[in-house]
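Q: Here's a structure for you.
The values are calculated or read from the model by the stated rules, or taken from the named source; none is laboratory data. Because the structure is predicted, anything quoted here is derived from the model rather than measured. Cβ atoms come from the backbone with ideal geometry, glycine included; neighbour counts cover every protein chain shown.
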Amino acid sequence: MRYRKGSVIINEAQDLPLLLLVRNSGYIKHEQLLMLAGYDKSKASLTSFCWRVRRLISGEFISLLGTRVDGDKVYAITRKGLEKLEVFGHTLLSLHSEAQTINQPSRMMHSLRLNDIRLAFKRNHMLNSWLCDLEVCSENLLTGDKYAKDYDALAVLNVGGRQMHCAIEYERSTKSHARYEEIRLSIADEKLVDVILYIVSEPERLFLVADHLAGAHPGILFVTDSAFLRFGPDAYAVKTASAGAALEELLMQLPVLSRQRSAAVSA
């Protein structure tokens, strides 16, 4: 096969994982992509990673945003990148190359924080697998709402020798009372996860969210993002406004449902 001079040829083993991470994350920082893709900090590894990212940008498969976040570059998928993924069979009903809008700038900070949360689980050896919000939404569209809600993420966590299926919600802003009531009703019917973990952006908001949602699901827990990112499984978490302990301790107290289900994507 002949290729046009200067064209970027996608390597299925090395480039597709990067494209999938960028697409599924919505937005992702350079350092986050490096860590989630499994590259180390050796000179050879960094050189290889940076070369591949530059190729994907020059080939217009991913875009480099004009604004940095915390001094780091931020990437997003392009329509051409989506098309390439679809050629290789990686199609999402929730985001495809013919969609009118493929990026949502208003969700950038939300997406970047979820990447931090994913990395914290991975760093603390808790993460077995992870599905991003786009993948959860796509699965719900495909199955007629298999899950009670389009969660921000679905993870399989390693907790005390057990595997726990965990829905993750990152609460960056406070919702109305009516919206919290709607969420209570929807997650009360959730049968496919052991845990619903609300990670709340500010300490003063933690108990407000817990007051609204505590008890809505047998496995619902609440923790602040600052505590979780710093302490991981040792972060102080609450089950209700008056009942709290280390996150891992609360997780260990929850029963694990017996189920047959396919594995999620790799961590």
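Q: Which one of these is in contact (Cβ under 8 Å) with a residue 24 or more places away in the chain, loosely packed, with under 14 Cβ neighbours inside 10 Å and assigned by TED's automatic domain parsing to the domain that holds Glu182: Leu157, Leu142, Leu134?
A: Leu142
Q: Given the structure, is Gly38 touching a helix residue (DSSP H, G or I) at 6+ places or on another chain (Cβ under 9 Å), more than 25 Å from Pro105 (Cβ to Cβ) and of a type outside the set (D, E, K, R)?
A: yes
Q: Of the residues that make up the range 130-138, is at least one within 20 Å of Lys239 (Cα to Cα) and part of a helix (DSSP H, G or I)?
A: Looking through the range 130-138, none of the residues is within 20 Å of Lys239 (Cα to Cα) and part of a helix (DSSP H, G or I).
Q: Take Glu83 and tell me if it is more than 18 Å from Ser111 (Cα to Cα), outside any helix (DSSP H, G or I) and touching a residue at least 12 places away in the same chain (Cβ under 8 Å).
A: For Glu83, the condition - more than 18 Å from Ser111 (Cα to Cα), outside any helix (DSSP H, G or I) and touching a residue at least 12 places away in the same chain (Cβ under 8 Å) - is not met.
Q: Also: Quick one: in the range 192-237, which of the residues that are charged (D, E, K, R) and part of a loop (DSSP other than H, G, I, E, B) is nearest to His177 (Cα to Cα)?
A: Filtering first and then ranking leaves Glu202.
Q: Let me ask you something else. Please verify whether Ala44 is hydrophobic (A, V, I, L, M, F, W, C) and either crowded, with 19+ Cβ neighbours inside 10 Å or assigned to a loop (DSSP other than H, G, I, E, B) (or both), treating the condition exactly as stated.
A: no
Q: On to the next question. Looking only at the range 86-101, count every residue that is of a type outside the set (Val, Ile, Thr), in a loop (DSSP other than H, G, I, E, B) and free of Cβ contacts under 8 Å to residues at least 40 places away in the same chain and tell me the total.
A: 6
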